[in-house]
Each structure stands twice: as structure tokens, then as C-alpha cells.
Amino acid sequence: MTDIYGLTYEKLKTRLSEIGEKPSRADIIFPAIYGEPPVPLSELPLKKETLEKLSGIFFTGELECIRVQSSETADKYLFALNDDNTIESVLMKHEFGYNVCVSTQVGCNMGCAFCMSGKLKKRRDLTVSEMTEQLLAIRKISEKKITGISIMGIGEPLENLTNVLDFIGAGETNRNAKSLSTTSTTTTKWR
Ligand code: SF4
């Protein structure tokens, strides 16, 4: 089974084609699963046979939030991953909107002197779906319109470049389709 939040629009079209479905169904599926609220796979406006086929191949993953620490300027979310690792994401509250700071790795090997997160050595890279689901979970829990994404949470994004680029690619498609309200994605630079 594939977590559909790990696929870019193009990869979803390819996968649909591989299972004998029209790639153009991605135009229905993609905006719907990222909608506010997301439409469950079983409720997509598609034929029953197609829905049955999709439900045997895809699922929509969801991160389990185990703690939220709120302050005036930011809310910190601690999420449990399937393998018992945890990651942190931050909702930053700016005058101009709400920005989600997404983590890209469990731990980090960069060792920046000022950073407590870097004290935990890298255990693994995050998958595309684990990055996307930070955003979706925070949007759901906070009930805020997310206007920007910063890839500046735990981890060095350029060490996980392939997944980070797919995560950005999925976000760009959604922005174009207006299914996510974000207007920008920014990331840190290689040290
Ligand atoms: S790259 Fe980021 S997460 Fe890693 S140690 Fe430096 S500041 Fe911390």
C-alpha cells in the first residue's frame, strides 16, 4: 500500500496509468486529498470500481500529534512516527500570516553550536509523506490558513534532497490548483 501523500502530481499520474486508470484522474484526486478539509479516498467523486481499486493501492496517512506547546508567537507540535521516532514542527504566527516550519530528518548531523535539535544525531531521512503530513496535521489541529512553508525544522534539507524536492513539487501543484492556501516555500541553505 502506498501513502498517497508521498506522491507528486506527476508520480500519481504515472501510478494511475500503471494500474489501468486514466492519468487525468489525478486532477480530481490531488486537489481533493489536499482540500480543506481533505476528502477521504473513499468519497472521491469517481466510479465505484475505481474507488475500490484505489482503496486497495493507496491510503492517506496521518501523523499522530502527541504534544502541542503554545506561545504567543509560535506553537510547537511533537509528532510520533510509525517507527517510534518523533519529530517536531512549528506553526509560526506572523503579522502577515501563519507559516509552518517543517522538519526533514529525524535528528541532524550538522552540529550547529546554537541548536538543541542537532544534539540528537540523524537517525533517518523523512519521507515525502511525513513532510506533507506535518503540514496537513497542523492545518487541521490549528484550524489556521497556512500561508507559507519553511523547510527549516529539524534536519538539513539538502541531505534529503530528492524527498524535499518532491515535497516542494506537491506543494507547488497544490498552490496552482488552489487546494493549499500557501503562497511561498522557503528553505535553508547548505552550511
Ligand atoms: S542544520 Fe538545523 S537542525 Fe541541524 S543542527 Fe543545524 S540548526 Fe540544528
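Readers should treat all values here as calculations from the given coordinates under stated rules, not as data from a laboratory. Since the model is a prediction, treat every value here as computed from it, not as a measurement. All Cβ positions, even for glycine, are placed from backbone atoms using ideal geometry, and neighbour counts span all protein chains on display.
Just a few scattered comments:
- Extension gain, ASP84 to GLU10: 0.36 nm times the residue separation minus the Cα-Cα distance gives 23.6 nm.
- Gyration tensor (alpha-carbon) shape descriptor, segment 78-146, a/c threshold 1.5: oblate
- Model label zone, MET1; criterion: amide N under 16 Å from point 7 Å along Cα-to-beta-carbon; scope segment 29-54: 40-43, 51-54
- Per the Debye calculation on segment 1-106 with a single equal scatterer at every Cα and no solvent contribution, log₁₀ I(q)/I(0) for q = 0.13, 0.24 Å⁻¹ amounts to -0.63, -1.24.
- Pairs of Lys residues in segment 64-187 that lie 8 or more places apart, or on two chains, and have C-alpha atoms under 14 angstrom apart add up to 4.
- The chain: DSSP helices with Cα axial extent of at least 20 Å and average Kyte-Doolittle hydropathy no lower than -1.0: 128-142, 161-176
- Considering only PHE30, VAL102, PHE114, the residue lying farthest towards the positive end of the dipole of the chain is PHE114, judged by Cα position with unit charges set on Cβ.
- Relative intensity, log₁₀ I(q)/I(0), of segment 64-187 from a Debye sum that treats every alpha carbon as a point, q = 0.15, 0.17, 0.18 Å⁻¹: -0.64, -0.84, -0.94
- If R0 is 30 Å, the Cβ-Cβ spacing of LYS76 and ASP27 corresponds to a FRET efficiency of close to 0.25.
- Candidates ILE154, ILE66, ILE29, ranked by Gaussian network fluctuation over the chain, Cα under 10 Å, top entry: ILE66
- Of GLY56, GLY107, GLY97, the residue with the greatest mean-square motion in the GNM of the chain, using alpha carbon springs below 10 Å, is GLY56.
- GNM flexibility winner over the chain from THR104, THR73, THR147 (Cα, springs under 10 Å): THR73
- Sites LYS53 and GLU159, calculated FRET efficiency, Cβ-Cβ separation with R0 41 Å, nearest 0.05: 0.65
- Listed as lacking a disulfide-compatible partner in the chain: CYS65, CYS101, CYS108, by the criterion of no other cysteine Cβ under 4.7 Å.
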